[in-house]
Amino acid sequence: VRRPDLVKPYSLNISQEDLPPDYMAILSLLFGLMGLLLKFKFMAWLALFFCFGSVANMKKSETDFKQILSSCMFAIMGLVMNYTRREYP
Amino acid sequence: SLCGCTAAATAAAARPKEKTVRDYVMEIGAAVLIVVYVFNYFRGREKNRQLAETWFQACAGLLDTHFYLVGHDNAHRLTREGAAQFKVYCSGRVNCESATLTINLRPRHDLISLIWELIQSSYQPAFEDTATLEVVMGPTPETGGNMEGFSLAVMPKSDEAAARADCRDLENRLAVRKWKTGLHESLVCLSDEEEVAREMLPEPVQAVMNLHRAYLKVLHVSDRLAVGPPLLRRQICAGIRMVVKLRSRERGPRLASAAPGSGKMAESLSAAEDLIGTTLRFIDRAATYQMSSGARERRKKLLAQLAEYEFKKTRTQREADAQQRKLDKMRKEKELVETLPPEQQAKYEEKLLRKQMRNKTQGGIKSIKMK
């Protein structure tokens with residue numbers, strides 16, 4: 001039954017265009033943008049949590065670093081902008 | 001004294017407001033959630049890894065018996081795809097090209113998914129821990145390239161509608177019908193022909209399925225199987241898919257927390273081992289099965305009739321497309337004629353008129369000349 005001559009080496013055929021959308025990363029991006037532009041701290045924090053969710057559920061074969069990086073950047077920027085802006089009386 | 005009070009009030013207003021703990025409720029809550037999330041991530045990930053390893057060890061011996069290559073690098077171990085998904089690739093067996101065992105577990109590592117699952121559980125069945133064995137046939141006769149063209153599926157009755165919607169080769173209820181077999185009444189067998197259901201599921205196989213029916217999600221054998229991750233199933237080939245539940249709801253939901261060796265876990269491991277083992281032994285049967293000529297002819301005729309029906313259904317669309325193409329052609333011709341010099345335009349119009357006259361006379365009733 002076992003045949004070494006019939007071994008086919010493993011190959012992964014998933015292109016980036018075929019990947020399903022990562023909804024957590026999209027939500028993170030969306031909330032990050034809203035937190036940045038509308039200056040809502042709550043949305044910036046939500047963006048961070050969704051970013052965590054996206055990274056936690058990332059699969060090796062479906063990794064899209066650009067999307068993760070962009071959603072992380074927006075989440076962190078949203079928080080930084082909200083907490084470092086000067087409050088005028 | 002009035003001026004003094006006003007000055008004091010102005011000075012107080014100019015000083016920044018003192019922050020209290022209440023002002024930082026959101027930040028404290030977020031920090032606590034982050035700590036809880038990170039703690040849950042590592043705990044859930046480790047739990048999933050232990051579960052996957054336990055189940056893999058139950059099937060490792062079987063995979064070793066059937067395949068020369070077990071694991072991407074023949075290391076005989078699971079590859080972690082994600083915190084809740086593990087895979088092992090096998091190859092080097094007669095009558096198949098390769099097999100992939102994928103263990104999909106609940107996202108115990110992700111707090112957001114767990115909360116979402118709790119919300120969804122009120123109207124949708126919760127995510128189940130499953131093991132999927134996908135066997136792919138190759139192009140050569142030695143690797144199952146001569147597999148007969150048929151579809152066979154066994155699943156619980158409650159999952160029939162979802163399975164038909166999910167698998168293209170099962171969706172037509174006229175082509176793939178239910179057949180009565182020795183399977184338990186809670187299971188249903190779908191196939192093109194009664195002969196396929198009868199010969200592909202001998203008594204030993206039915207006995208194993210009946211015994212472990214609580215853990216059987218689907219067995220699907222087809223020459224048009226869509227393989228790959230559920231959302232990315234693009235490759236259509238001949239093959240077998242067996243999905244085994246690693247936890248049965250009939251015996252209660254607390255299987256994952258049971259220690260290895262205890263009642264429910266042992267039952268789950270035994271079921272996974274038996275069902276996966278049966279599927280691996282099933283490969284030879286599926287690759288070498290030959291339908292009777294009568295059944296083959298009937299199947300061929302039925303598929304041809306269904307294809308014709310589908311073709312006719314698209315008639316309106318095809319006619320509309322043909323009409324659109326004709327209109328586009330006429331428009332392009334007209335645009336081209338407008339760019340020609342006047343003499344050539346006149347020649348073209350004369351030619352068009354002659355053609356229309358010819359069509360008129362040839363299409364109508366022939367006039368007979370009376371002498």
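Rule-based calculations on the coordinates, nothing more; no lab input. Every value quoted in this text rests on a predicted model; they were computed, and no experiment measured them. When we count neighbours, we look across all protein chains shown, and the Cβ atoms used for this are built from the backbone with ideal geometry, even at glycine.
Return the Rg/Rh ratio of region B:117-198 with Cα-based radii and a Kirkwood Rh.
1.05
Calculate the spin-label point distance for B:Q345 paired with B:L174, positioning each point 7 Å from the Cα along the beta-carbon direction, and give it in nanometres.
Result for the modelled spin labels: 5.5 nm.
Please report the Cα spread of region B:10-164 along all three principal axes, rounded to whole Å, starting with the longest.
Rounded to whole Å, the extents work out to 94, 39, 26 Å.
Which of the three applies to region B:270-371, rounded, prolate or oblate, going by the alpha-carbon gyration tensor with a ≥ b ≥ c and a/c under 1.5 meaning rounded?
In terms of gyration-tensor shape, prolate.
Could you give me D for region B:322-362, from Stokes-Einstein at 4 °C and 1.567 mPa s, where the hydrodynamic radius is the Kirkwood radius over C-alpha pairs? Units µm² s⁻¹, please.
114 µm²/s
Considering every Cα-Cα pair within chain B, what fraction, in whole percent, is farther apart than 40 Å?
The calculated P(r) of chain B puts 43 percent of pairs beyond 40 Å.
Over all distinct alpha-carbon pairs, what is the Kirkwood Rh of region A:20-89 in angstrom?
One decimal place: 12.0 Å for the Kirkwood radius.
Once amide H atoms are placed 1.01 Å from N in the peptide plane, what residues at a sequence separation of 5 or more from B:S98, or on another chain, have their amide H within under 5 Å of its amide H?
For B:S98, whose amide H was placed from the backbone, the distant partners under 5 Å are B:V136.
Between region B:42-110 and region B:280-298, what's the alpha-carbon centroid distance in Å?
29 Å
Does region B:74-223 come out rounded, prolate or oblate, given a ≥ b ≥ c as the square roots of the eigenvalues of its C-alpha gyration tensor, rounded meaning a/c under 1.5 and, failing that, prolate meaning a/b above b/c?
Here region B:74-223 falls in the oblate category.
I want to check the label-to-label distance for B:I115 and B:E128. Put each point 7 Å from Cα in the C-beta direction and report it in nm to one decimal.
Reported label-point gap for B:I115 and B:E128 is 2.8 nm.
How large is the helix-only mean residue ellipticity at 222 nm for the protein assembly as shown, computed as the sum of -39500 (n - 2.57) over DSSP H runs with n ≥ 4, divided by its residue count, in deg cm²/dmol to the nearest 500?
That comes out to -17000 deg cm²/dmol.
For region B:69-77, just list the computed ³J(HN,Hα) in residue order, Karplus coefficients 6.51, -1.76 and 1.60, θ = phi - 60°, integers in Hz, with x standing in for Gly and Pro.
Per-residue couplings from phi come out as 9, 10, x, 3, 10, 6, 8, 6, 9 Hz.
If the viscosity is 0.692 mPa s and the temperature 37 °C, what Stokes-Einstein diffusion coefficient in µm²/s follows for the protein assembly as shown when Rh is the Kirkwood radius over Cα pairs?
Here the translational diffusion coefficient equals 118 µm²/s.
Name the residues whose placed amide hydrogens come within less than 5 Å of the amide hydrogen of B:Y289, ignoring near sequence neighbours (fewer than 5 apart) on the same chain.
Residues meeting the criterion, in which the H sits 1.01 Å from N, are B:E148.
Which whole-Hz couplings ³J(HN,Hα) result when phi for each residue of region B:160-165 is put into the Karplus expression 6.51 cos²θ - 1.76 cosθ + 1.60, θ = phi - 60°, listed in order with x for Gly and Pro?
4, 4, 5, 5, 5, 6
I need the per residue convex hull volume for region B:55-119, using only the alpha carbons, in cubic angstrom as a whole number.
Per residue, the Cα convex hull of region B:55-119 comes to 96 Å³.
What is the sum of charges around B:E193, taking Lys and Arg as +1, Asp and Glu as -1, for the other residues whose C-beta is under 10 Å from the C-beta of B:E193?
Result for the neighbourhood of B:E193: +1.
On a 0 to 90° scale, report how tilted helix A:65-84 is relative to the longest principal axis of chain A, with both axes built from alpha carbons and the result rounded to the nearest 10.
Relative to chain A, helix A:65-84 is tipped by roughly 20 degrees.
Could you pull the Rg and Dmax for region B:38-85, using just the Cα atoms, both in Å?
Cα-based Rg and Dmax for region B:38-85 come out at 12.7, 40 Å.
Work out the FRET efficiency for B:E27 and B:A214 from their Cβ-Cβ distance, taking R0 = 60 Å, and round it to the nearest 0.05.
Result of the calculation: an efficiency of 0.80.
Counting other C-beta atoms within 10 Å, and keeping those with at most 15, which DSSP coil chymotrypsin sites (Phe, Trp or Tyr not before Pro) do you find in region B:117-223?
Of the chymotrypsin sites (Phe, Trp or Tyr not before Pro), the ones in loops of region B:117-223 whose Cβ has at most 15 other Cβ atoms within 10 Å are B:Y123.
From the backbone phi of region B:270-281, what are the Karplus-calculated ³J(HN,Hα) couplings (6.51 cos²θ - 1.76 cosθ + 1.60, θ = phi - 60°) in whole Hz, Gly and Pro given as x?
Per-residue couplings from phi come out as 5, 5, 4, 4, 5, 5, 5, x, 5, 5, 5, 6 Hz.
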